[in-house]
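Below is one structure, written out as structure tokens, with a few remarks after it.
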Amino acid sequence: MRTFTKTYADTEVQQRALANHRWIARTNPDVRIPAVVQVRSIAIDFEHLDGRHGTADDLVRLADLLGHQHPTAHTRELHAARLDTPHTSGGVTIPDFAEGRRDRLHQLLASGAVPGPTLTHEAVEAWLKQAATMPAAFYKDANPRNFLITDAVVAVIDFDSLTLAPFGYDLAKLVVSTAMTTGPLPEDTIHRAVDAYNRHPRHHGLPGCSRHEFTAWCEFHHILTAPYLGTNSYQFSWHHVRPAWTTDILRHVDKEWTP
Ligand SMILES: Nc1ncnc2c1ncn2[C@@H]1O[C@H](COP(=O)(O)OP(=O)(O)OP(=O)(O)O)[C@@H](O)[C@H]1O
Ligand SMILES: [Mg+2]
């Protein structure tokens, strides 16, 4: 079998990727992922899959896939998870949403290195507090390079990162990282992507992700991904390409509402 070998920084990172792979295989059994062919000292040989990376034209199709993945994992397992508590099952512990993110968000905001942030430290805290009460889905870094697309199937790759997250959070990563790669996205495409995503949780009686939540999560990703501008094919900063309605929603609703 043709393989793709990924080498990790150390055994701990490699073991985490293996555990994350097992968890995705278990909670998303009908989603195409590469098989693990061989585990080496600090590398893993994965089954080689054909396909190309995601583009802006794939946004709705990829949003639809994420919308399928999250309620599937929720129904199978994450209904028992709280977003402010690490979730352990089947020998895998998935970090909670705020752990690791809270400090990084505050550090980056305080550094002044995030261009045009729309969230203050207080707003970040309020959203993290609000997230703790939301139904649990997961973040697996849905950047467009972590999908391999053919006409027939979309495969999901890269098991390095996995945390609990609210519904819509990884969708926001997909949208922000795609716009940072290819430039401004048609507004209609973003709305269709959110709708395609939400169709799935709502089918399961789950609330999905409101436009307000979606825009807040986009701003989280803006802060967290800003340091990677100029690498990973990220040529555009979100503050230059974000649609005006996203900032309007945050300014408008947040005036009357504390998340
Ligand atoms: N199983 C696989 N079959 C074929 N190609 C793969 C496979 N896994 C990864 N790749 C290719 O290698 C690239 C990098 O892999 P991966 O995303 O796991 O690593 P990464 O360190 O996150 O890199 P990047 O930051 O570029 O996403 C993928 O975008 C894809 O093009
Ligand atoms: Mg990757």
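Read the figures in this text as sums done on the coordinates, not as results from a lab. This is a predicted model, so every value here is computed, not measured. Please note: Cβ atoms are built from the backbone with ideal geometry, for glycine as well, and neighbour counts cover all protein chains shown.
Amide H to amide H under 5 Å from A137: which residues, 5+ apart in sequence or cross-chain, H placed 1.01 Å off N in plane?
A165, F167
Work out how much length A35 to D57 would gain on full extension: take 0.36 nm times their residue separation and subtract the Cα-Cα distance, in nm to one decimal.
5.2 nm
With label points built 7 Å along Cα→Cβ from the Cα atoms of E12 and R104, find their separation and express it in nm.
Roughly 1.5 nm, to one decimal.
Mind running the shape call on region 67-221? Use the C-alpha gyration tensor, a ≥ b ≥ c as the square roots of the eigenvalues: rounded below 1.5 for a/c, prolate if a/b tops b/c, oblate otherwise.
Rounded, because the longest to shortest axis ratio a/c is under 1.5.
Expected output is a single nm value to one decimal: the length gained when fully extending between S210 and R26, i.e. 0.36 nm times separation in residues minus the C-alpha distance. What is it?
Roughly 63.4 nm would be gained on extension.
From Cα coordinates alone, what are the radius of gyration and Dmax values for the chain in angstrom?
17.7, 58
Taking 0.36 nm per residue of sequence separation and subtracting the Cα-Cα distance, how much length would be gained by fully extending the chain between D195 and T85, in nm to one decimal?
Here the segment from D195 to T85 would lengthen by 36.7 nm.
If eta is 1.567 mPa s and T is 4 °C, what Stokes-Einstein diffusion coefficient results for region 1-147, Kirkwood Rh from Cα pairs, in µm²/s?
74 µm²/s
Going by average Cβ density within 10 Å per residue, which order do the peptides 175-182, 205-212 take, highest to lowest?
175-182, 205-212
Below 8 Å, C-alpha to C-alpha, sequence gap of six or more: please give me the relative contact order for the chain in percent.
Reported relative contact order: 24 percent.
Taking the Cα centre of the chain as origin and charging only Cβ (+1 Lys, Arg; -1 Asp, Glu), how large is the dipole, in debye to the nearest 20?
Dipole magnitude for the chain comes out near 280 debye.
Take the Cβ-Cβ distance between Q235 and S111 as r, set R0 to 25 Å, and report the resulting FRET efficiency rounded to the nearest 0.05.
Efficiency, from the Cβ-Cβ distance: 0.70.
So what's the gap between the Cα centers of region 44-105 and region 213-233, to the nearest angstrom?
The distance from the Cα centre of region 44-105 to that of region 213-233 comes to 17 Å.
Can you show me the helix-derived [θ] at 222 nm for the chain, built from DSSP H runs with n ≥ 4 at -39,500 (n - 2.57) apiece and divided by the number of residues, rounded to the nearest 500.
After summing the helix terms and dividing by the residues of the chain, the value is -15000 deg cm²/dmol.
So if R0 is 22 Å, what FRET efficiency would S161 and V253 give, r being the distance between their Cβ atoms, rounded to the nearest 0.05?
Result of the calculation: an efficiency of 0.15.
Suppose R0 equals 22 Å. What FRET efficiency, 1/(1 + (r/R0)^6) with r the Cβ-Cβ distance, do E47 and D151 give to the nearest 0.05?
0.70
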